[in-house]
Amino acid sequence: MTEFDWLDAITAGDTFGSETPIEVTSEEIIEFARTYDPQPGHLDEATARETAFEGLSASGWLTAALTMKLLCDAGFTDTIGLGVTLEWPTATRPGDILHLQGRITSKRRSQSRPGVGILGIEYETLNQLGEVRQRTQATLRATESFHARLSPPS
């Protein structure tokens, strides 16, 4: 077996997803905001109704943290992030049940590190209604210990 058999098994277009959804609670939104993002729309329901979000919404950074948990649930646990682009097209709300769907967009061998592959991925964090709460594009460094659950393109 060569050092890149694991990378050869990955194809641009392969898909992945999380298995265990995460339910977002008001308490979690408020606690995260108190500690990391104390903006009015994240701290109190009554005050949040007066903001542009017209109700309690999660910090994008809480959505990003929950998305990371979902990405790990999809098997992306032994990679190193080299870069990321995030978009939050709609606000994460109390009661949202989040899951992740994504695909491999590119792969290549590292030119400077033997046995290392560079993967391009994109994924969406969706709620139970299919509303996109976060859209992500990322570049990851992976090695032969990478074992995400990938499926051929559908």
So, for the chain, what is the accessible surface per residue at a probe of 1.4 Å, expressed in square angstrom? 55 Å²
Could you rank His99, His147 by how accessible they are, 1.4 Å probe, largest area first? His147, His99
Calculated from backbone phi, Karplus (6.51, -1.76, 1.60) coupling profile of region 21-32 in Hz, x at Gly/Pro: x, 10, 8, 8, 10, 4, 4, 5, 4, 5, 4, 4
Enumerate the amide H contacts of Thr25 below 5 Å, restricted to partners 5 or more residues apart or on another chain; note that Pro and chain-start residues carry no placed amide H. Gly95
In debye, nearest 20: dipole of the chain around its Cα centre with unit charges on the Cβ of K, R (+) and D, E (-)? 620 debye
Could you give the Stokes-Einstein D for the chain in µm² per second, using the C-alpha Kirkwood radius, 37 °C, 0.692 mPa s? 198 µm²/s
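Please report, in cubic angstrom per residue, the volume enclosed by the convex hull of the alpha-carbon atoms of region 84-139.
About 85 Å³ per residue, rounded to a whole number.
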Suppose every Lys and Arg Cβ carries +1 and every Asp and Glu Cβ carries -1, with no other charges. What dipole size does region 54-105 come out with about its Cα centre, to the nearest 20 debye? 40 debye
Top positive-direction residue, dipole computed over the chain with Cβ charges, set Thr77, Ser112, Leu66: Ser112
In whole percent, how big is the carbon plus sulfur part of the accessible area of region 1-131, probe 1.4 Å, protein atoms only? 51 percent
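The values are calculated or read from the model by the stated rules, or taken from the named source; none is laboratory data. Values in this document were obtained by computation on a predicted structure and should not be read as measured data. Counting neighbours? That spans all protein chains shown, and the Cβs are built from the backbone with ideal geometry, glycine included. With ligands, DNA and RNA removed, areas are computed over all heavy atoms of the protein, side chains included. Shrake-Rupley method; radii C 1.70, N 1.55, O 1.52, S 1.80 Å.
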